[in-house]
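Taken together, the values in this text are just the output of simple stated rules run on the coordinates, not laboratory data. Nothing here was measured: the structure is a model prediction, and the numbers come from that model.
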Amino acid sequence: MMSWSMRARVLIGVAVLGAAFGSCHPLPSRSPVAKSGSTATPELSPAARLARGKQRLELSAYREAETDFRALLSTSAATPARVALAQVLVATGRYSEAVSSLAPLIADSTWV
């Protein structure tokens, strides 16, 4: 039978080893390789893409924001995307293009 001091030493040793190895980071797991070999990202919904574009606009990532907003011009989020696109165009000094991008909204009675 183990004495009390021997048990204490073993428990302290286990605790020290647990603390030492517990702070180690595990190796990153390997992600499964896609069978098709493509690295395509999933398509975002119009609302998610609009939100991402607005975030990019706030971060002054104008090229990426413009890409998002232009991609939305033929979706259900076309109107807010058109307004946000005009903001990008004004921020990048393309004023006449900004006016042209807003022109379709003039025909829309909800915006007049």
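Descriptive notes on the structure:
- Relative to the current alpha-carbon distance between residue 95 and residue 43, full extension at 0.36 nm per residue lengthens the span by 15.6 nm.
- Calculated SAXS-style log₁₀ I(q)/I(0) at q = 0.13, 0.15, 0.21 Å⁻¹ - the stretch 46-111, Debye, Cα scatterers: -0.30, -0.40, -0.77
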